[in-house]
1. Which one of these is more than 15 Å from the ligand (Cβ to nearest atom) and either hydroxyl-bearing (Ser, Thr, Tyr) or under 20 Å from the mean Cα position of the chain (by Cα) (or both): Val124, Val83, Val129?
2. Does region 50-64 include one or more residues that are outside any helix (DSSP H, G or I), more than 16 Å from the ligand (Cβ to nearest atom) and surrounded by 15 or more Cβ atoms within 10 Å (Cβ to Cβ)?
3. Could you check region 147-167 and list, in sequence order, the residues that are of a type in the set (A, V, I, L, M) and part of a strand (DSSP E or B)?
4. What's the total number of residues in region 134-177 that are aromatic (Phe, Trp, Tyr) and more than 28 Å from Glu21 (Cβ to Cβ)?
5. Only one of (1) touching a His at 6+ places or on another chain (Cβ under 9 Å); (2) open to solvent by 70 Å² or more (accessible area, probe 1.4 Å); (3) among the aliphatic types (A, V, I, L, M) fails for Val182. Which number is that?
6. Report, ordered by the first and then the second residue, all pairs with beta carbons closer than 6 Å, sequence separation of six or more or different chains, a first member in region 190-212 that is in contact (Cβ under 8 Å) with a residue 60 or more places away in the chain, and a second member that is among the aliphatic types (A, V, I, L, M) and in a helix (DSSP H, G or I).
7. Is it true that Ser35 is within 8 Å of the ligand (Cβ to nearest atom), at negative phi, surrounded by fewer than 18 Cβ atoms within 10 Å (Cβ to Cβ) and hydroxyl-bearing (Ser, Thr, Tyr)?
8. Inside region 82-120, can you point out the residues that are open to solvent by 20 Å² or more (accessible area, probe 1.4 Å), in contact with an Asp or Glu (Cβ under 7 Å, 6 or more places away or on another chain) and under 15 Å from Val5 (Cα atoms)?
Amino acid sequence: MKVLVTGGAGYIGSTTAKALEEAGHVPVILDSLLSGPRAFVRDRIFYQGDVADRALLSRVVEEHPDLDCTIHMAARIIVPESVEQPYAYYRDNVAGSLELFDQLATLGKPRVLFSSSASIYATVEGFEVTEQSPLAPGSPYARTKAMMEAILIDMAAATDLRAIILRYFNPIGSDPDLESGVYVREPSHVLGQLVLAAQGLKDHFTITGTEHPTRDGTGIRDYIHVWDLAKAHVAAVEQFDQALAQQEASSLVLNVGTGSGVTVRELVTAFEKVYGAQVPVREAPPRPGDAVGAYANVDEVRRVLGWSAELSLEDAIASALAWGRRRKEILGYD
Ligand SMILES: NC(=O)c1ccc[n+]([C@@H]2O[C@H](COP(=O)([O-])OP(=O)(O)OC[C@H]3O[C@@H](n4cnc5c(N)ncnc54)[C@H](O)[C@@H]3O)[C@@H](O)[C@H]2O)c1
């Protein structure tokens, strides 16, 4: 199959492109390189441009009339930036995607797989969320995701467009060949901060929030190896029509996580085991807007796509550490 991957120069997009290739498919990358590095595109078919550029999309389809499906991953994704620059986020994520979806329908390319996020869920008792759990997106970024979901569902109900919406939990790690991974210079996410503290580049790792109503008081997440996440896309692309037919639906929402919640303290322990050394830890109050967290109920994705995560938390941490040692070769910076 030939698959258009918007955002295919990004962290998850480049890993998904590799998983598609390994399964015998051909990715076609569309990316503005707003944030994704050129090096992650490698020698793949590549169009540099914006997802809202209808003329460019027409050219892509003209040159690849055999495109079977689009995976729409391109987005602005930095939560604090979305608070400061809501216009850019709503324009690029929401208005841009609206143009993309309409143009795909117009061009007769109706299958859309969309990257949504667990950050749209409200906190629920027990922290396990199903696709029917209440939503309460807590930032402009998360609200763009919730809006795009609603747009896709409405458009799929009214037009030929068909949508599978994947709500990703917390991807970590790299692709198995260490050719792509997290590329931001100073990772702000928890695993990146742990690596910095372990390497002595920061004097300690700070646990923000130790009085949450979780088993040890720290926030809870569902860390999924990015390679497992990439393979969920392959499963969804390959079974796109059957999955929707089985549900008798024009659109479908699926959680993509491991099904296990891991607290920050548990993550630190797992990290120390894989890294082989202790990390200096301090505790601090939660930052404003910090979510307690959630983990995925994965019954639906297992039932509909037959997919489930195969790699462990330790595998993912080891992969992130190995990528950290390798990435300078590919990116040119530590
Ligand atoms: N990383 C996570 O923790 C996470 C969690 C849940 C959901 N997601 C979603 O997964 C998708 C991929 O995330 P990622 O972590 O790989 O991010 P990323 O920033 O590495 O990748 C996004 C890519 O989209 C490109 N892009 C941005 N706006 C564009 C536009 N208007 N037109 C064309 N290209 C554009 C960027 O250059 C980048 O290469 C995003 O939609 C994100 O919201 C990510």
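The values are calculated or read from the model by the stated rules, or taken from the named source; none is laboratory data. As the structure is a prediction and not an experimental result, all values here were calculated from the model. FYI the Cβ positions are ideal-geometry reconstructions off the backbone, even for glycines, and counts take in every protein chain you see. Each accessible area value is taken on the protein alone, full model and side chains, heavy atoms only, with ligands, DNA and RNA left out. Shrake-Rupley method; radii C 1.70, N 1.55, O 1.52, S 1.80 Å.
1. Result of the check over Val124, Val83, Val129: Val83.
2. yes
3. Those that are of a type in the set (A, V, I, L, M) and part of a strand (DSSP E or B): Ala163, Ile164, Ile165, Leu166.
4. Residues flagged as aromatic (Phe, Trp, Tyr) and more than 28 Å from Glu21 (Cβ to Cβ) within region 134-177 amount to 1.
5. (2)
6. That search, which allows pairs on different chains as well, returns Leu191/Ala320; His204/Ala197; Phe205/Leu194; Phe205/Ala197; Ile207/Val264.
7. Here the answer is yes, as Ser35 does meet what is asked.
8. Pro110, Arg111
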